[in-house]
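Asker: For reference, the structure I am asking about is given below.
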Amino acid sequence: CPVPADLRPTNGTRLCAQLYTDDSPYYDQCCAGDVLEVLPGSDVPYMPHGWSGRISSLVVGTKCELTVWSRRGKNGNSRTFSA
């Protein structure tokens with residue numbers, strides 16, 4: 001997995017988080033598969049098409065927090081992740 005301070009897409013801007021579809025019990029094989037990039041300040045009440053229920057690992061950048069909900073539209077239980 002990338003180090004939280006190194007979260008940057010190819011154009012070099014800062015990212016708040018990266019979400020991945022593949023996970024593994026072996027650390028060196030985590031953070032694989034499709035990647036969803038989350039920009040700082042994003043407020044997304046619904047997952048993009050095809051992403052709901054697929055995320056199995058994530059990395060949150062420094063000075064960022066990522067809050068997720070168990071139900072769509074920011075409903076249900078929530079959990080906040082940070083670096």
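The values are calculated or read from the model by the stated rules, or taken from the named source; none is laboratory data. These numbers were taken from a predicted model, which means no experiment stands behind them. Cβ atoms come from the backbone with ideal geometry, glycine included; neighbour counts cover every protein chain shown. Note: areas computed on protein heavy atoms with side chains; ligands, DNA, RNA excluded. Shrake-Rupley method; radii C 1.70, N 1.55, O 1.52, S 1.80 Å.
Asker: May I ask which residue of 68, 50, 35 lies farthest towards the positive end of the charge dipole of the range 17-82, with charges of +1 (Lys, Arg) and -1 (Asp, Glu) on Cβ and the Cα centre as origin?
Answerer: Towards the positive end, the residue furthest out is 68.
Asker: Next question. Taking the highest mean first, how do the peptides 64-75, 43-54, 28-39 order by number of other beta carbon atoms within 10 angstrom per residue? Show your work: numbers first, answer last.
Answerer: Details: 64-75: 12.6, 43-54: 9.8, 28-39: 14.2.
Highest mean packing first, the order is 28-39, 64-75, 43-54.
Asker: With a 1.4 Å probe and every protein chain left in place, work out the accessible area per residue of the range 17-82 in Å², rounded to a whole number. Let's see the in-between values first.
Answerer: Working: 4750 Å² over 66 residues.
Value for the range 17-82: 72 Å² per residue.
Asker: What distance in nm separates the simple spin-label points at residue 78 and residue 52, each placed 7 Å from Cα in the Cβ direction?
Answerer: Taking the two extended label points, one gets 2.0 nm.
Asker: Let me ask something else. How much space per residue, in cubic angstrom, does the convex hull of the C-alpha atoms of the range 29-74 take up? It would help to have the intermediate numbers written out before the result.
Answerer: Details: hull volume 4.0 nm³, N = 46.
Roughly 88 Å³ of hull volume per residue.
Asker: Ignoring ligands, DNA and RNA, what percent of the 1.4 Å accessible area of the chain is carbon and sulfur? Numbers along the way, then the final one.
Answerer: Working: 2760 of 5870 Å².
Carbon-and-sulfur percentage of accessible area, whole number: 47.
Asker: Quick one, can you get me the convex hull of the C-alpha atoms of the chain expressed as volume per residue in Å³? Working shown, then result.
Answerer: On the way: hull volume 8.4 nm³, N = 83.
Looking at the chain, the number lands at 101 Å³ per residue.
Asker: Still on this structure, please answer the following. Using Cα pairs closer than 8 Å and at least 6 residues apart in sequence, work out the relative contact order for the chain, in percent.
Answerer: Working: 151 pairs, mean separation 25.3, N = 83.
Relative contact order for the chain comes out at 30 percent.
Asker: Here is a follow-up. What accessible area, in Å² to the nearest ten, does a 1.4 Å probe give for residue 16?
Answerer: In the full protein context, residue 16 sits at about 10 Å².
Asker: How large is the charge dipole for the chain, taken about the Cα centre, if only the Cβ atoms of Lys, Arg (+1) and Asp, Glu (-1) carry charge, to the nearest 20 debye?
Answerer: Values: 8 positive and 8 negative charges, 77 e Å.
Roughly 360 debye for the chain.
Asker: Okay, next question. What number comes out for the charge environment of residue 45, summing +1 per Lys or Arg and -1 per Asp or Glu over other residues with Cβ under 13 Å away?
Answerer: Here the count lands on +2.
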